[in-house]
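The values are calculated or read from the model by the stated rules, or taken from the named source; none is laboratory data. Given the structure is predicted, the values throughout are model-derived calculations rather than measurements. A quick note on method: Cβ atoms are made from the backbone with ideal geometry, for glycine too, and the neighbour counts reach across all protein chains shown. Protein only, heavy atoms only, side chains kept; ligands, DNA and RNA dropped before computing areas. Shrake-Rupley method; radii C 1.70, N 1.55, O 1.52, S 1.80 Å.
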Amino acid sequence: MLKHKIKLILIAGLILTTSFVLFSNFTLSLFFSDKVWNHKINTIKELESASLKGVELDIVFHKNSNSFDVNHPPEKSQNISLDNYLNNIPTNINYLWLDFKNLTTQNKKAALTHLNSLTKKHQLTHQNIIVESNQLKFLQTFNTNNYKTSYYLPQNLSLKSTKEQTLLLNTIQNNISSYKPTYISSKYIDYDILTEHFSAQKKLFWFNVYGDNNKLKVRFLLYKILLDDNVDALLISS
């Protein structure tokens, strides 16, 4: 009877350990410390507690005040300037992924000039900064100043009809060929279709919720993504 209980305890312990290793985001960050970054770090409090080497944040440029607001519309602004945000960067964070929410032809030059002034003030390396937008044409301005850029792709490609997929994939390919971003970026669920059609293109992904997807399949997919040499970062929630 005692041996039977010990076996059950050992089996339960093994199951718990396996579950922790497989399903824990901590394990992902431990095994892939250079690739796993914090997702949506839009407040000073979140920034100060960020433990990974890279953070992703959302920015909106206000041309009238010539400043970036750290905010994800339509959420209410917390009145955190990017300048103030950078004043609070912990020493462990080496990489910034800037999701530029309102990049336009009207603000691209002013935004670039201001970002250049901030990187100089805070002694940041351009090559450690990714500027992301779905407005790929206007990202070229940042490319020419040695920032890395990422083309924010139309979402949920893998869930669309064959006809929609074909049209969108052709558009994406044409845009990549014309504007040559450093990366393409998307949700983790589109990894397989993007790898199939853009195998050589450097990529970025994010994971936040499982939704209706099988959790075990999702975890194996995340490991697959992180083992891909053409993937430089995967965002996870804190």
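Taking the stretch 182-197 on its own, how many of its residues are in a helix (DSSP H, G or I) and not acidic (Asp, Glu)?
Quick first cut of the stretch 182-197, residues in a helix (DSSP H, G or I) only: 188-197.
Going one step further and asking which of them are not acidic (Asp, Glu), we end up with 188-189, 191, 193-195, 197.
So the count comes out to 7.
Residue-wise test of (1) open to solvent by less than 30 Å² (accessible area, probe 1.4 Å); (2) touching a residue at least 24 places away in the same chain (Cβ under 8 Å); (3) aliphatic (A, V, I, L, M).
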position: 166; (1), (2), (3): no, no, no
position: 189; (1), (2), (3): no, yes, yes
position: 203; (1), (2), (3): yes, yes, no
position: 219; (1), (2), (3): yes, yes, no
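Restricting attention to the stretch 50-90, report how many residues are surrounded by fewer than 15 Cβ atoms within 10 Å (Cβ to Cβ) and touching a Ser or Thr at 6+ places or on another chain (Cβ under 7 Å).
1
Which residues, taken from the stretch 54-74, are part of a loop (DSSP other than H, G, I, E, B), out of contact with any helix residue (DSSP H, G or I) (no Cβ under 6 Å at 6 or more places or on another chain) and in contact (Cβ under 8 Å) with a residue 24 or more places away in the chain? Explain how you work it out, then say what you get.
In the first step, residues of the stretch 54-74 are kept if they are part of a loop (DSSP other than H, G, I, E, B); the result is 63-66, 71-74.
Pick out the ones that are also out of contact with any helix residue (DSSP H, G or I) (no Cβ under 6 Å at 6 or more places or on another chain) and you get 64-65, 71-74.
Scanning the stretch 54-74 gives 71, 72, 73.
From the list 127, 123, exactly one residue is more than 15 Å from the chain's Cα centre (by Cα), on the phi < 0 side of the Ramachandran plot and not in a strand (DSSP E or B). Which is it? Outline the logic, then answer.
On the way: 123 fails: on the phi < 0 side of the Ramachandran plot.
Going through 127, 123 in turn, just one is more than 15 Å from the chain's Cα centre (by Cα), on the phi < 0 side of the Ramachandran plot and not in a strand (DSSP E or B): 127.
Please determine, by comparing only the residues of the stretch 229-238 that are touching a helix residue (DSSP H, G or I) at 6+ places or on another chain (Cβ under 7 Å) and not β-branched (Val, Ile, Thr), which one is surrounded by the fewest Cβ atoms within 10 Å (Cβ to Cβ). Write out each step before concluding.
Of the stretch 229-238, the ones touching a helix residue (DSSP H, G or I) at 6+ places or on another chain (Cβ under 7 Å) are 231, 234, 236, 238.
Then keep just the ones that are not β-branched (Val, Ile, Thr); that gives 234, 238.
Details: 234: 25, 238: 13.
Per the criteria, the residue is 238.
Go through the stretch 173-186 and report how many residues are more than 18 Å from residue 141 (Cα to Cα), open to solvent by 60 Å² or more (accessible area, probe 1.4 Å) and touching a residue at least 12 places away in the same chain (Cβ under 8 Å).
Here is the first cut: in the stretch 173-186, the ones more than 18 Å from residue 141 (Cα to Cα) are 173-174, 185-186.
Of the ones still in play, those that are also open to solvent by 60 Å² or more (accessible area, probe 1.4 Å) are 173-174.
From the residues that got through so far, the ones that are touching a residue at least 12 places away in the same chain (Cβ under 8 Å) too are 173.
So the count comes out to 1.
Going by what's in this entry, would residue 38 be described as under 20 Å from residue 206 (Cβ atoms), without any contact (Cβ under 8 Å) to a residue 40 or more places away in the chain and surrounded by 16 or more Cβ atoms within 10 Å (Cβ to Cβ)? Don't jump to the end; show me each part of the working.
Details: under 20 Å from residue 206 (Cβ atoms): yes; without any contact (Cβ under 8 Å) to a residue 40 or more places away in the chain: no; surrounded by 16 or more Cβ atoms within 10 Å (Cβ to Cβ): yes.
No: the conditions fail for residue 38.
Can you tell me how many residues in the stretch 91-116 are among the basic types (Lys, Arg), surrounded by 15 or more Cβ atoms within 10 Å (Cβ to Cβ) and either assigned to a helix (DSSP H, G or I) or touching a helix residue (DSSP H, G or I) at 6+ places or on another chain (Cβ under 9 Å) (or both)?
Going through the stretch 91-116, the residues among the basic types (Lys, Arg) turn out to be 101, 108-109.
Retained after the next criterion (residues that are surrounded by 15 or more Cβ atoms within 10 Å (Cβ to Cβ)): 101, 108.
Narrowing the set further to residues that are either assigned to a helix (DSSP H, G or I) or touching a helix residue (DSSP H, G or I) at 6+ places or on another chain (Cβ under 9 Å) (or both) leaves 108.
Final tally of qualifying residues: 1.
Quick check: anything in the stretch 78-85 in a helix (DSSP H, G or I) and closer than 24 Å to residue 234 by Cα?
First, the residues of the stretch 78-85 that are in a helix (DSSP H, G or I): 82-85.
With the extra rule that they be closer than 24 Å to residue 234 by Cα, the set shrinks to 82, 85.
Yes; the residues of the stretch 78-85 include at least one that is in a helix (DSSP H, G or I) and closer than 24 Å to residue 234 by Cα.
What pairs come out if I take residues in the stretch 79-99 that are closer than 13 Å to residue 41 by Cα and pair them with residues that are among the aromatic types (Phe, Trp, Tyr) and assigned to a strand (DSSP E or B) whose C-beta lies under 6 Å away, six or more apart or interchain?
82/68
Restricting to the stretch 133-188, count the residues that are of a type in the set (S, T, N, Q) and at positive phi.
Going residue by residue through the stretch 133-188, those that are of a type in the set (S, T, N, Q) are 133-135, 140-141, 143-146, 149-150, 155-156, 158, 161-162, 165-166, 170-171, 173-175, 177-178, 182, 185-186.
When the remaining residues are screened for being at positive phi, the result is 146, 156.
Going through the stretch 133-188 one residue at a time, the tally reaches 2.
Name the one entry in 128, 143, 156 that is modelled with pLDDT of 95 or more, of a type outside the set (A, V, I, L, M) and either open to solvent by 40 Å² or more (accessible area, probe 1.4 Å) or within 22 Å of residue 56 (Cβ to Cβ) (or both).
Details: 143 fails: modelled with pLDDT of 95 or more; 156 fails: modelled with pLDDT of 95 or more.
Sole residue among the options that is modelled with pLDDT of 95 or more, of a type outside the set (A, V, I, L, M) and either open to solvent by 40 Å² or more (accessible area, probe 1.4 Å) or within 22 Å of residue 56 (Cβ to Cβ) (or both): 128.
Could you grab me the full set of residues in the stretch 205-217 that are hydrophobic (A, V, I, L, M, F, W, C), under 15 Å from residue 235 (Cβ atoms) and open to solvent by 60 Å² or more (accessible area, probe 1.4 Å)?
Residues of the stretch 205-217 hydrophobic (A, V, I, L, M, F, W, C): 205-207, 209, 216.
With the extra rule that they be under 15 Å from residue 235 (Cβ atoms), the set shrinks to 205-207, 209.
Within the stretch 205-217, 209 is the sole residue that qualifies.
Every residue in the stretch 198-238 that is within 23 Å of residue 131 (Cα to Cα) and part of a loop (DSSP other than H, G, I, E, B), please.
198, 199, 200, 201, 202, 208, 228, 229, 230, 237, 238, listed by residue number.
Out of the residues in the stretch 131-140 that are more than 16 Å from residue 113 (Cα to Cα) and not aliphatic (A, V, I, L, M), which is surrounded by the most Cβ atoms within 10 Å (Cβ to Cβ)? Full working, then the answer.
Taking the stretch 131-140 and keeping what is more than 16 Å from residue 113 (Cα to Cα), we get 132-137.
Restricting the remaining residues to those that are not aliphatic (A, V, I, L, M) gives 132-135, 137.
Values: 132: 26, 133: 23, 134: 18, 135: 14, 137: 13.
The qualifying residue surrounded by the most Cβ atoms within 10 Å (Cβ to Cβ) is 132.
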